[in-house]
Amino acid sequence: MLDDLRNMLGAGAVDDSPEGLASHTHDWYPGALLRDRMGTPVPGPSVVVRPRDTGEVAAVLEWAQVTSTPVVPFGGGSSVVRGIEPDGAVVIDLERLNSISEVDEKSGLVTAGAGVTGPALRDHLAESGYLLGHEPQSVDISTVGGWVATRACGQLSAKYGGIEDLVRGLEAVLPGGRIVRTKTAPRRSTGPDLAGLLIGSEGALGVVTEVTLRVFPLPTERADLCLRFEHMTEGVQGCRVLARSDLGPTMVRLYDAEDAALFLRHHPDEPMGPLLLCSFDGDDSDLRRERAAELIDGTSGNDDLVAHWWEHRNDAVEEFRKVMAGEGLLGPHGIVDTIEVAGTWTVLRDLYHSVKEGLSEAAGLVGCHVSHVYPDGACLYFTMGSMCKSDAEAEEVDRKWWEITMRRTLDAGGTISHHHGVGRVRAGWIEEELGEWFEVLRLIKKAIDPK
């Protein structure tokens, strides 16, 4: 195997060192991090390869099909749902597919390799006065290819949408090495959106190698709004009104009392009850902010809390790392996890209460915030934490959190994932989630990847 790959890619692109294998063994799934903490890590890959271009990715996949070798694509490794667990497979690390085109200013487009990181793309676009608008919490440690493969959604989706709304064309390599490219167009009516099969496919249907994306001029003004509520139901109603208005917010986040206390624990302003944070950008941002304050039945809060959110919105990444290393406030055997689900406004109230009540019986701390809003519904993002007596107990606690959330979400009529994807952790519930479409997906997989 190693000789084949070295002859194909060059010795420098093939890594079987202990360090290289260890860094590609898993993603940020808490269960895998617990295994590291216990000294019993999950099995790693047999080798890591780093192709330079799409042609070399195709060569690896052609070889893999001939030799019946399993392959796992790797971007930033930032998934939290067991998306990376190669166990003897060949890992294709796409970090060298890192080219970025000049911005097509007439069309508002840019083309980026799958290995381009969030900071690299952000800096490149800013030089020309543009931004992508896709800002997941993991933006600093994730890649363009990973966003597409997981059907990701960023914190500014109220204005810019999810990654599927930003993709205008892509290139991918199918199992067996066939390269496919889409024509870049604002919209087409030429049959089913076949390229859309790759968005959210998590590597199961092919390896995304290059993506053409919509970009937007950097905003010059921003107006922030903070509102407080007595009850979460009132805050959810405010989110619904705002999402169905013509005010076009850039960011909307509604924190319940527990999640507000968790997020603002380092801020001198004591959080009181559910808290709605909003931002508007553009030339008339101040006017739209005032209209939103009049439209939503809430109590004025401290707008500086929104600026605090912008400054600290991704701090949880490092705090999660500390807790899972046994160095955080939850002690040496602490466990923390997040699970995002979604539902229509019709089911959202019952979904929130059902999941939170169930989790509250199994966790030391449970918080929730509405993280993404739409005219017809929203995403609920739950954060759980517990102090445990052992890592084995922490493992069992985390498993129970997932069982409670998936079961109650399905029973309430919600969807089991909004933007983190399926991975292996949700795989046991995906057939119930998809219903009759699960068999369609299975047939597509069999046709594209018969081995």
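Just so it is clear, none of the values below were taken in a lab; they were calculated from the coordinates. Predicted model, so just to flag it, every value in this text is computed and none were measured. Neighbour counts run over all protein chains shown; Cβ positions are idealised from the backbone, glycine included.
Sticking to Cα atoms, compute the Rg of the stretch 257-324 to one decimal and its Dmax as the biggest Cα-Cα distance, whole number, in Å.
14.2, 44
Of Ala11, Leu410, Thr250, which is farthest towards the positive pole of the chain's charge dipole, taken about the Cα centre with +1 and -1 on the beta-carbons of Lys, Arg and Asp, Glu respectively?
Ala11
What FRET efficiency comes out for Thr344 versus Lys389 if R0 is 45 angstrom and r is the Cβ-Cβ distance? Round to the nearest 0.05.
Working from the Cβ atoms, E equals 0.65.
What distance in nm separates the two pseudo spin-label positions at Ala126 and Asp449, each 7 Å out from Cα along the beta-carbon direction?
That separation, rounded to one decimal, is 3.6 nm.
With 10 angstrom as the radius, rank Ile339, Ile444, Ile404 by how many other C-beta atoms surround their C-beta, starting from the fewest.
Listing Ile339, Ile444, Ile404 from fewest to most nearby Cβ atoms yields Ile444, Ile404, Ile339.
Quick check on packing: order 198-205, 139-146 by the mean number of other C-beta atoms within 10 Å, highest mean leading.
Highest to lowest by the protection proxy: 139-146, 198-205.
Quick one: dipole size for the chain, taken about the Cα centre, charges +1 on Lys/Arg Cβ and -1 on Asp/Glu Cβ, in debye to the nearest 20.
The calculated dipole for the chain is roughly 1140 debye.
Can you give the Rg to Rh ratio for the stretch 2-93, taking only C-alpha atoms and Rh from Kirkwood?
Using Cα coordinates only, the ratio equals 0.99.
How high is the relative contact order of the chain, in percent, with contacts defined as C-alpha pairs under 8 Å that are six or more residues apart?
Computed over the chain, the figure is 14 percent.
Compute the distance from the alpha-carbon center of the stretch 115-129 to that of the stretch 228-258, in whole Å.
Taking the Cα centre of the stretch 228-258 as reference, the centre of the stretch 115-129 is 31 Å away.
Using 0.36 nm per residue, how much length does the chain from Val241 to Trp437 gain when fully extended, once their Cα-Cα distance is taken away?
Answer, rounded to one decimal: 67.3 nm.
Which value, in debye to the nearest 20, describes the size of the charge dipole of the stretch 2-93 about its Cα centre when Lys and Arg Cβ atoms bear +1, Asp and Glu Cβ atoms bear -1, and nothing else is charged?
Computed charge dipole of the stretch 2-93: roughly 260 debye.
Exposure proxy check: Glu393, Glu95, Glu311 ranked by fewest other beta carbons within 10 Å?
Listed from fewest to most nearby Cβ atoms, that is Glu311, Glu393, Glu95.
What are the aspartates and glutamates whose alpha-carbon lies under 20 Å from the alpha-carbon of Lys183, with same-chain residues fewer than 8 places away excluded?
Result set, ordered by chain and number: Asp53, Glu102, Asp104, Glu105, Glu164, Asp165, Glu171, Asp193, Glu210.
Going Cα to Cα from Lys389, which aspartates and glutamates come in below 14 Å? Please leave out same-chain ones fewer than 8 positions away.
Hits, sequence-local ones excluded: Asp398.
Can you tell which of Val241, His308, His267 lies farthest toward the positive end of the dipole of the stretch 222-424, using +1 and -1 charges on the Cβ of basic and acidic side chains (Lys, Arg; Asp, Glu)?
The residue sitting farthest along the positive end of the dipole is Val241.
Given Cβ point charges of +1 (Lys, Arg) and -1 (Asp, Glu) and nothing else, what value in debye, to the nearest 20, does the dipole of the stretch 109-217 about its Cα centre take?
Computed about the Cα centre, the dipole is about 420 debye.
Give the order of Trp401, Trp437, Trp147, Trp310 when sorted by the count of other beta carbons within 10 angstrom, beginning with the fewest.
Result, fewest neighbours first: Trp437, Trp310, Trp401, Trp147.
Less than 12 Å Cβ to Cβ from Ser78, Lys/Arg counted +1 and Asp/Glu -1: what total charge do the surrounding residues give?
Neighbour charge sum, excluding Ser78 itself: -1.
From Cα coordinates alone, what are the radius of gyration and Dmax values for the stretch 204-320 in angstrom?
16.4, 50
What is the distance, in nm, between label points placed 7 Å from the Cα along the Cα-to-Cβ direction at Ile179 and at Ala261?
5.7 nm
Given N residues in the stretch 222-424, what is its alpha carbon radius of gyration divided by 2.2 N^0.38 Å?
Computed over Cα atoms of the stretch 222-424, the ratio equals 1.04.
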